[in-house]
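Colleague: Supplied in structure tokens, the structure appears directly below.
No value in this document is a laboratory result; all are computed from the given coordinates. Just so it is clear, the structure is predicted and the values come from calculations on it, not from any experiment. Heads up, the Cβs are rebuilt from the backbone with ideal geometry, glycines too, and the neighbour counts pull from every protein chain shown.
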Amino acid sequence: MKARARKKPLWEPGLIPAPGELLDWRDARHFERWQDLPCVLCGRDTPMRSHHGEPVHKVCAENWITADPVKARQGRFASDVQPKRGKAYGDHA
């Protein structure tokens with residue numbers, strides 16, 4: 001049997017949170033305002049999308065990461081890339 005190839009992310013994902021930590025999905029591309037689809041994990045409708053375009057509630061993705069941290073390292077769900085902080089962001093130290 002052939003393994004399914006992982007779909008390429010629609011935009012660059014960031015770090016995968018540790019089990020029990022929260023995903024940072026501030027990017028508006030996580031929200032599909034025109035169509036709710038069934039969550040791939042719980043089956044209830046959601047407007048949320050992962051970096052791969054999968055319909056998924058953020059809470060469901062966080063719970064999945066906690067329940068299966070080994071598979072989570074493969075990058076199915078990740079936080080957004082955080083901008084580099086520096087003088088432009090007001091760091092005065």
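Colleague: Apply the Karplus parameterisation 6.51 cos²θ - 1.76 cosθ + 1.60, with θ equal to phi minus 60°, to every residue of the stretch 27-40 and state each ³J(HN,Hα) to the nearest whole Hz, in sequence, with x for glycine and proline.
Modeller: Couplings: 5, 5, 5, 6, 10, 9, 7, 9, 8, 8, 10, x, 4, 5 Hz.
Colleague: How large is ³J(HN,Hα) for each residue in the stretch 52-64, as worked out from phi by the Karplus curve 6.51 cos²θ - 1.76 cosθ + 1.60 (θ = phi - 60°), to whole Hz, x for Gly and Pro?
Modeller: Taking θ as phi minus 60°, the curve returns 8, x, 6, x, 7, 5, 4, 5, 4, 5, 5, 5, 5 Hz for the stretch 52-64.
Colleague: Between His51 and residues 5 or more places away or on another chain, which pairs have amide H atoms under 5 Å apart, with H built 1.01 Å from N, and which residues are they?
Modeller: Those lying under 5 Å, H to H, from His51 are Ala78.
Colleague: I want the local charge near Gly20. Using Cβ-Cβ distances under 14 Å, sum +1 for each Lys or Arg and -1 for each Asp or Glu among the other residues. Display every interim value, and only then the final one.
Modeller: Details: positive: none; negative: Glu21, Glu62, Asp68.
Overall, the nearby charge balance is -3.
Colleague: What ranking, highest mean first, results for peptides 22-35, 68-81 when packing means the other Cβ atoms within 10 Å averaged over each residue?
Modeller: Highest to lowest by the protection proxy: 68-81, 22-35.
Colleague: Right, something else. Please list, ordered by chain and number, the residues whose modelled amide H lies under 5 Å from the amide H of Ile16; skip anything fewer than 5 residues away on the same chain.
Modeller: Ser79
Colleague: Expressed as a whole number of Å, what is the distance separating the alpha-carbon centroids of the stretch 36-75 and the stretch 8-28?
Modeller: After rounding, the separation between the Cα centres reads 11 Å.
Colleague: Label Ala18 and Lys58 with points 7 Å out from Cα along Cα→Cβ: what is the distance between them in nm?
Modeller: It is 2.1 nm.
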